[in-house]
């Protein structure tokens, strides 16, 4: 339903009409900020996932669900979870959550209609009887007014938005770092802001938005638009 409200604001259409129309597809928009450490030349593939949120334990069911999505995304880059008894090459930190709602304002343009014209008028027509005599009769005719677009007006609407975020960061393990502090290898930060407050729905979507940017460019910022049928979303939700 929130998507319908978004369409209503965008196109200035009544919500009831949008319930009938099917052309306004639901889309999800994300901002993706990614970075990769150019100093690290060797590609590290084996990882161990940890929670970067001190308030969310790794055994938390919410985290375990998100962890499964992240592992699937990492597999698209040839990365794999460290087998039992082996040493991980990197630690993948996962943090996600939702900020408090914020009120936003938007100006929408609405059409203004008015009844134009109409009224009464007289017409005179000839009438011939059966004997061939012609006389003229005057009638009063009513013309209904026409509904016409006369302009547009602006209206300010208020609504609440929720910022959902996901950060996936890879670091060297202490064993890989040796005597120096472990280096950050790469990081992807994803943000979505809209009216939905279902964080669980958005976690696989945010992972999908992050997937192509994992361990890719030195630094990049881009907008990603997804739908539920996007191949990245289908891949992440399917799991390993």
*Given the options 128, 107, 72, which has the most mean-square fluctuation in a GNM of the chain, springs set between C-alpha atoms less than 10 angstrom apart?*
128
*Stokes-Einstein translational diffusion, the range 109-159 - Kirkwood Rh over all Cα pairs, 1.306 mPa s, 10 °C, in µm²/s*: 105
*For helix 61-75, what angle does its Cα long axis make with the longest principal axis of the chain, in degrees from 0 to 90 and rounded to 10?*
80
*Under the definition of Cα pairs under 8 Å and six or more residues apart, what whole-number percent is the relative contact order of the chain?*
29
*asked:* Working only with C-alpha atoms, what are the Rg and Dmax values of the range 167-240, expressed in angstrom?
replied: 15.1, 48
*Of the residues 162, 113, 47, which exhibits the maximal mean-square fluctuation in a Gaussian network model of the chain defined by a 10 Å Cα contact cut-off?*
113
*Rounded, prolate or oblate (a/c below 1.5 giving rounded, otherwise prolate when a/b exceeds b/c) for the chain by Cα gyration tensor*: prolate
_Need the C-alpha centroid separation for the range 88-136 versus the range 162-240, integer Å._
43
*How far apart, in nm, are the 7 Å Cα→Cβ label points at residue 217 and residue 57?*
4.1
*asked:* Tell me the relative contact order for the range 169-240 as a rounded percent, counting alpha carbon contacts under 8 Å between residues six or more apart.
replied: 25
*Thinking of the range 83-182 as a set of Cα atoms, what percent of all their pairs are more than 15 Å apart?*
83
_Point-to-point label distance, residue 152-residue 109, nm (Cα→Cβ direction, 7 Å offset)_ = 0.2
*GNM on the chain, C-alpha springs below 10 Å: top fluctuator among 152, 30, 63?*
152
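Just subtract the alpha-carbon distance of residue 143 and residue 121 from 0.36 nm times their residue separation and send over the number in nm, one decimal.
The residue 143-residue 121 span can extend by a further 7.1 nm.
Read-outs throughout are calculated quantities, based only on the coordinates presented, and are distinct from any laboratory measurement. Just so it is clear, the model here is predicted, and its values are computed rather than measured. Every residue, glycine among them, receives a Cβ derived from its backbone with ideal geometry; neighbour counts consider all protein chains shown.
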